[in-house]
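Here the structure comes first, spelled out in structure tokens, and everything after it is commentary.
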Amino acid sequence: MNFVRSNMLVSKIKEEDLTIEIVDKLLFQGLEDTGETVDCILVLGSLKAAKYRVPVAVNAYHAGRAKKIMLCGGVLRDFPDGTCREAEHMRKEALKSGVAVEDVILENSSQNTVENILFALVELQRTFWLNRIHKVLLVTTAYHMRRSLAIARYLFPRHIDILPCPANDSNTKRYNWMNSSEGIARAKGEAMNLVRCVRNGVIPDFEI
């Protein structure tokens, strides 16, 4: 893929600017998992987080990269196995996949990505004390990672390093989002969500 060489501020991006190259740089470029060991794995909630995000977090846990997994999400949803909050649904999947019950931290109050991060800080303080945490592995869907990571790095204390661990869904992988109407809508919608976050001061402006 040929990338756009000239830098541009995210705050200046308009919907009509969202070429394949711009979306790739904005949402995917430079967000690979480094494989480092961390103090805690933080998984953000969604309707399909148990399917796509939890397995990635569980793999990291079983690989010995962290001793604790925090599952975030207080949105009440109707799942095939009943109505519950996102974090509670993710916990079921994590326990089925061999995560010890004592290694799961539940954050089941947050209603959106910003609250995921803010409320996670409270749970991290209660579990570890923030001054004792140095690295956190952030797990969310690949196309959602840039915004989530930017929010976490802005809101977390400076001494805590937030590392990306993207999880692929079916239609919004880096290499296939442009191949379906669903993928295009999801990727471009997330790109504009990121732009609005910058314009509204939720996160600092940056160049791509």
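See the values below:
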quantity: Single residue of Gly183, Gly189 found to be assigned to a helix (DSSP H, G or I) and loosely packed, with under 14 Cβ neighbours inside 10 Å; calculated: Gly189
quantity: Looking only at the range 24-58, and only at residues there that are in contact with an Asp or Glu (Cβ under 9 Å, 6 or more places away or on another chain) and β-branched (Val, Ile, Thr), the one that is nearest to Lys173 (Cα to Cα); calculated: Val56
quantity: Residue match in the range 146-163 (condition: touching a strand residue (DSSP E or B) at 6+ places or on another chain (Cβ under 6 Å), of a type in the set (A, V, I, L, M, F, W, C) and within 19 Å of Thr19 (Cα to Cα)); calculated: no
quantity: Unique match (being in contact (Cβ under 8 Å) with a residue 24 or more places away in the chain and at positive phi) among Gly30, Gly35, Gly45; calculated: Gly35
quantity: Filtered residues of the range 85-141 (kept if closer than 21 Å to His159 by Cα and assigned to a loop (DSSP other than H, G, I, E, B)); calculated: Phe128, Trp129, Ile133, His134
quantity: Residue check for Val58: surrounded by 20 or more Cβ atoms within 10 Å (Cβ to Cβ), in a loop (DSSP other than H, G, I, E, B) and in contact (Cβ under 8 Å) with a residue 12 or more places away in the chain; calculated: no
quantity: Breaking point among (1) touching a helix residue (DSSP H, G or I) at 6+ places or on another chain (Cβ under 9 Å); (2) of a type outside the set (D, E, K, R); (3) in contact (Cβ under 8 Å) with a residue 12 or more places away in the chain, for Asn7; calculated: (1)
quantity: Odd one out for Lys67 among (1) closer than 22 Å to Ile151 by Cβ; (2) in a loop (DSSP other than H, G, I, E, B); (3) out of contact with any strand residue (DSSP E or B) (no Cβ under 7 Å at 6 or more places or on another chain); (4) of a type in the set (D, E, K, R); calculated: (1)
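Residue-wise test of (1) farther than 20 Å from Leu194 by Cβ; (2) modelled with pLDDT of 95 or more; (3) in contact with a strand residue (DSSP E or B) (Cβ under 8 Å, 6 or more places away or on another chain).
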position	(1), (2), (3)
Tyr61	yes, yes, yes
Asn108	yes, yes, yes
Asn131	yes, yes, no
Ala167	no, yes, yes
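Conditions (1) in contact with a Leu (Cβ under 7 Å, 6 or more places away or on another chain); (2) closer than 24 Å to Ala66 by Cβ; (3) among the aromatic types (Phe, Trp, Tyr), marked per residue:
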position: His89; (1), (2), (3): no, yes, no
position: Ser110; (1), (2), (3): no, yes, no
position: Phe128; (1), (2), (3): no, yes, yes
position: Tyr143; (1), (2), (3): yes, yes, yes
position: Tyr154; (1), (2), (3): no, yes, yes
position: Pro164; (1), (2), (3): yes, yes, no
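Rundown of residues vs (1) closer than 18 Å to Glu36 by Cβ; (2) over 17 Å from the mean Cα position of the chain (by Cα), yes/no style:
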{"residue": "Met145", "(1), (2)": "yes, no"}
{"residue": "Pro157", "(1), (2)": "no, yes"}
{"residue": "Asp161", "(1), (2)": "yes, no"}
{"residue": "Pro164", "(1), (2)": "yes, no"}
{"residue": "Gly189", "(1), (2)": "no, no"}
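The values are calculated or read from the model by the stated rules, or taken from the named source; none is laboratory data. Keep in mind it's a predicted model, so treat the numbers as computed, not measured. So basically every Cβ, Gly included, is an ideal-geometry build from the backbone, and we count neighbours across all protein chains shown.
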